[in-house]
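Notes to accompany the following structure.
The values are calculated or read from the model by the stated rules, or taken from the named source; none is laboratory data. This is a predicted model, so every value here is computed, not measured. Cβ placement follows ideal geometry from the backbone for every residue including glycine, while neighbour counts extend to all protein chains displayed. For the accessible areas, the whole protein counts, side chains as well, though only heavy atoms, and no ligand, DNA or RNA atoms are used. Shrake-Rupley method; radii C 1.70, N 1.55, O 1.52, S 1.80 Å.
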Amino acid sequence: MASSTAHALPRPMRADARRNYERLLTEARRSFAEHGTDASLEDIARRAGVGIGTLYRHFPNRHALMNAVFQEALASLIDRSRELAGSDQPCGALVEWLGTLITHAGEYRGLSQALMSASHDKSSALSQCSVPMREAGGRLLERAQRAGHVRQEVSIDDLLQLTNAIALAAEQSSDPSLGERLLKLTLTGLRP
């Protein structure tokens, strides 16, 4: 006899709901790339061919939609951290991964600021992005610290805030190499 307290598995989405979900994600990606992460949710819903209520049924707020949009990129960033974890140059691996973060954040105007805000708000849907990134980067940082290439007091939270700040500065500039230059300039202060 099954217990009444057993947790039920979530029901799979109906085909029409799944299509709406995918169209909303496609339009959100396009709108965020064109207009930044503060793009109109009403416009996203309209372009997806659904009402705003449908958008909110799938994504209760902007951060939930942003989280869904960035899951593919997040998986790529985590995969890249795993590849770099075997590098014979731990500090170089960490720097490369941080540069990848800056490049990713630069794809959507406003993402860096949203991630910086979400890092302090554990209830934000975007914290679902920052927690796995923190863990992935933390492993790279620990390797670099064990190798004696990064000071022990440096934390992954510091580095993530730093990369978001660099990405935010680069977002405001017309110089496409600014982010990379700022990262290199800043990280010279990490060495003991």
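Couple of notes before you dig in:
- Estimated inter-spin distance, Gln89 and Ala15, nm [label 7 Å along Cα→Cβ]: 5.3 nm
- Calculated FRET efficiency for the pair Ser117/Thr26, C-beta based, R₀ 25 Å, to 0.05: 0.45
- Across the alpha-carbon atoms of the chain, the computed radius of gyration and Dmax are 19.2, 66 angstrom.
- Probe 1.4 Å, accessible area per residue of the chain, Å²: 57 Å²
- Between 0 and 90°, nearest 10: helix 15-35 axis offset from the chain longest Cα axis: 40 degrees
- 5 angstrom amide H check on Arg109, placed H, neighbours 5+ away: Gly36, Thr37
- For the chain: relative contact order, % (alpha-carbon pairs under 8 angstrom, 6 or more apart): 21 percent
- Helix-only mean residue ellipticity at 222 nm for the chain, each DSSP H run of n ≥ 4 adding -39500 (n - 2.57), per residue, nearest 500: -22000 deg cm²/dmol
- On the stretch 127-192, 54 percent of the accessible area sits on carbon and sulfur atoms, based on a 1.4 Å probe.
- Axis angle, to the nearest 10 degrees, between helix 156-171 and the longest C-alpha principal axis of the chain: 80 degrees.
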